[in-house]
Amino acid sequence: MSKKRVAIIGAGPSGLAQLRAFEAAKKQGLEVPEVVCFEKQSNWGGMWNFSWRTGVGKYGEPAHGSMYKYLWSNGPKECLEFSDYSFDEHFKKPISSYPPRPVLFDYIQGRIKKNNVRDYIRFNTTVRWINYNEDTKKFKIVLDNLKIDKTYSEEFDYLVVASGHFSTPNMPYFTGIEEFTGQVMHAHDFRGADPYKDQNLLIIGSSYSAEDIGVQCHKHGAKSVTLSYRSKPIGVNWPEGITEVPLLKYFKGDTAFFKDGTSQKFDAVIMCTGYQHKFPFLPDELRLKTKNNLYPDHLYKGIFFNDTPNLIYLGMQDQYYTFNMFDAQAWVARDFIMDRYKIPTKAERRLDINKWLVENERLKSSHDHVDFQTAYIKELLALSDYPGFDVDKVAEMFKEWLKDKDENILTYRDKTFKSVVTGTMAETHHTEWMDELDDSKERYLFEDQKEKALEEK
Ligand code: FAD
Ligand code: NA7
């Protein structure tokens, strides 16, 4: 009998987790299916693979990246640590709790390089379209090899969609915006704070992107940052130079008018208004339709598409937990594909989904959100042999992180946490975050040694 074939779309942290899950099974001596991962970019890492490009990539595909220069982890690294590949194993020394993007990218790559999975990835390959045949139970995938400009198709028994959901902007309209005299763009196209030095900047939105881009621009010399919220303000203790105002009503020339009757002139506007779950390669009946939330409907255990469970979605939730959640999901998906984990009937699956949806509706505070996702992770961990970790301790760290941000949004990244994987206490970074303008791996990892060597000379 020929081997089952599994297609994975995307070689970001979720797709790589899936590859790693199969490698782990192979190392245990189990026979694994044939796995092929399709990645439209020329390298792995998804969001963490920084690109200066905006608009389209080299081959005219929509640019995936939304990350920017000077991006530092927005939560403690101890909350996302792989439980089968610790920070200690990778860096060989304790590092701080909030590393910059290149350092986390290095960590992601470390685990994957240790397992020879690069061979399973077809880079520069876009998944263009998918059809599912109900009779043969196979997915026909139409692919574009971007480098040689060639379209072809292949058939698979399982499809894992790991294409991310923070890439297609949600871009609202505001009256008069077309006449605004400065630059208007979405956070997806933000590539660093430098252009906003000495500018008066308006940011629309009150979630992670608004908070972080606002703080980055303040740090790198914006004259003022004004955050405009729709539902509720972020409400932390903002430093002088950053203010929050209610929602923007309209623009007139370079002036923005807000709901509370105030107005102000601005040089630039950044819409930090979130992203759309967008799957242009999937037909209606296979497409996940959801807003960004902690439990998207139609996904049993947060991953199996209920109408067609051979279709698996990874990482589609709003995220407190990231890398370790993708791992926990990928391990369960692997066991289902390898017939080691059985799922109940469609009706039973629906009841289970509904239970989570009802619970999700009840959540009020950020602490409730953390507890909800923690319960979800625990459920996943019980279903596979992904190495367990102290999820309750991680939940405590998330709550500590929320408190730290409330107290001082400019210094929370100077705090340190203890790993639940190794017990190692993080180091204090050699430079306070507000004074650290260089986010390179070299400076982050080796600057203190360089300084010590100079002192000793
Ligand atoms: P992605 O990383 O988005 O990867 C998806 C991959 O799929 C990409 O490589 C893409 O090229 C590929 N792809 C998409 N469509 C196709 C197609 N049709 N054909 C072939 N390939 C395709 N998380 C944290 O833990 N800490 C942080 O500090 C943090 N900061 C963030 C900051 C920003 C600005 C953003 C946008 C996200 C941040 N995140 C952070 C969350 C981040 O999204 C996750 O950490 C992680 O990258 C999600 O992994 P993923 O594999 O699900 O998706
Ligand atoms: P989020 O977390 O989905 O937040 C989107 C924000 O945009 C949220 O504050 C919304 O306000 C706001 N929004 C959406 N539509 C509008 C309109 N029409 N007008 C005003 N405000 C609006 O996206 P982020 O980009 O912040 O974060 C995504 C990821 O990037 C995250 O995982 C980080 O790690 C980095 P609401 O509260 O709904 O009223």
(request) State whether the range 115-256 is rounded, prolate or oblate according to the following rule on the C-alpha gyration tensor (a ≥ b ≥ c being the square roots of its eigenvalues): a/c under 1.5 gives rounded; otherwise a/b larger than b/c gives prolate, and the remaining case gives oblate. (result) prolate
(request) Report the label-to-label distance for K197 and V142 in nanometres (one decimal), using points 7 Å from each Cα along the Cα→Cβ vector. (result) 4.8
(request) May I ask which of K69/K93; K114/K219; K150/K291; K69/K415 have a Cα-Cα span longer than 32 Å here? (result) K114/K219; K150/K291
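Please report the antiparallel percentage of DSSP beta bridges with both residues in the chain, rounded to the nearest 5.
50
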(message) Checking the a/c ratio against 1.5 first, then a/b against b/c, what shape does the Cα gyration tensor give for the range 1-103?
(response) oblate
(request) With all distinct Cα pairs included, what does the Kirkwood hydrodynamic radius of the range 226-357 come out to in Å, to one decimal, could you say? (result) 18.3
(request) At most 15 other Cβ atoms within 10 Å and a DSSP loop assignment: could you name the chymotrypsin sites (Phe, Trp or Tyr not before Pro) in the range 155-223 that fit? (result) Y173
(message) Rounded to whole Å, give me the distance from the Cα center of the range 242-299 to that of the range 411-437.
(response) 32
(message) Ignoring everything except DSSP H segments at least 4 long, calculate the 222 nm mean residue ellipticity for the chain; use -39,500 (n - 2.57) per segment, divide by total residues, nearest 500.
(response) -9000 deg cm²/dmol
(request) Answer rounded, prolate or oblate for the range 393-433, using the Cα gyration tensor with square roots of eigenvalues a ≥ b ≥ c: rounded when a/c is under 1.5, else prolate when a/b is larger than b/c, else oblate. (result) oblate
(request) Sorted from largest down, give the three principal axis spans of the alpha carbons of the range 360-410, whole angstrom values. (result) 39, 26, 13
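Just to be sure I understand: if I project the alpha-carbon convex hull of the chain onto a plane and average over all orientations, what area do I get in nm²? Let's see the in-between values first.
On the way: hull surface 96.0 nm².
Mean shadow area of the hull around the Cα atoms is 24.0 nm².
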(message) Per residue, how big is the convex hull of the range 356-457 when only Cα atoms are used? Give it in Å³.
(response) 150
(message) Along the Cα→Cβ direction, 7 angstrom out, place labels at T262 and K232. What is the inter-label distance in nm?
(response) 2.0
(message) If exposed means no more than 15 neighbouring beta carbons inside 10 Å and the site is in a DSSP loop, what's the longest run of the chain without any exposed GluC sites (Glu not before Pro)?
(response) 241-426
(request) Quick one: order T290, T125, T136, T428 by neighbouring beta-carbon count within 10 Å, fewest to most. (result) T136, T428, T290, T125
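Between E447 and H367, what FRET efficiency follows from the Cβ-Cβ distance if R0 is 41 Å, with the result rounded to 0.05? Each step should come with its number before you reach the end.
Numbers: r = 36 Å, r/R0 = 0.89.
Once the sixth-power term is evaluated, E becomes 0.65.
Readers should treat all values here as calculations from the given coordinates under stated rules, not as data from a laboratory. Given the structure is predicted, the values throughout are model-derived calculations rather than measurements. Positions of Cβ are generated from backbone atoms using ideal geometry, with glycine treated the same way; all protein chains shown enter the neighbour counts.
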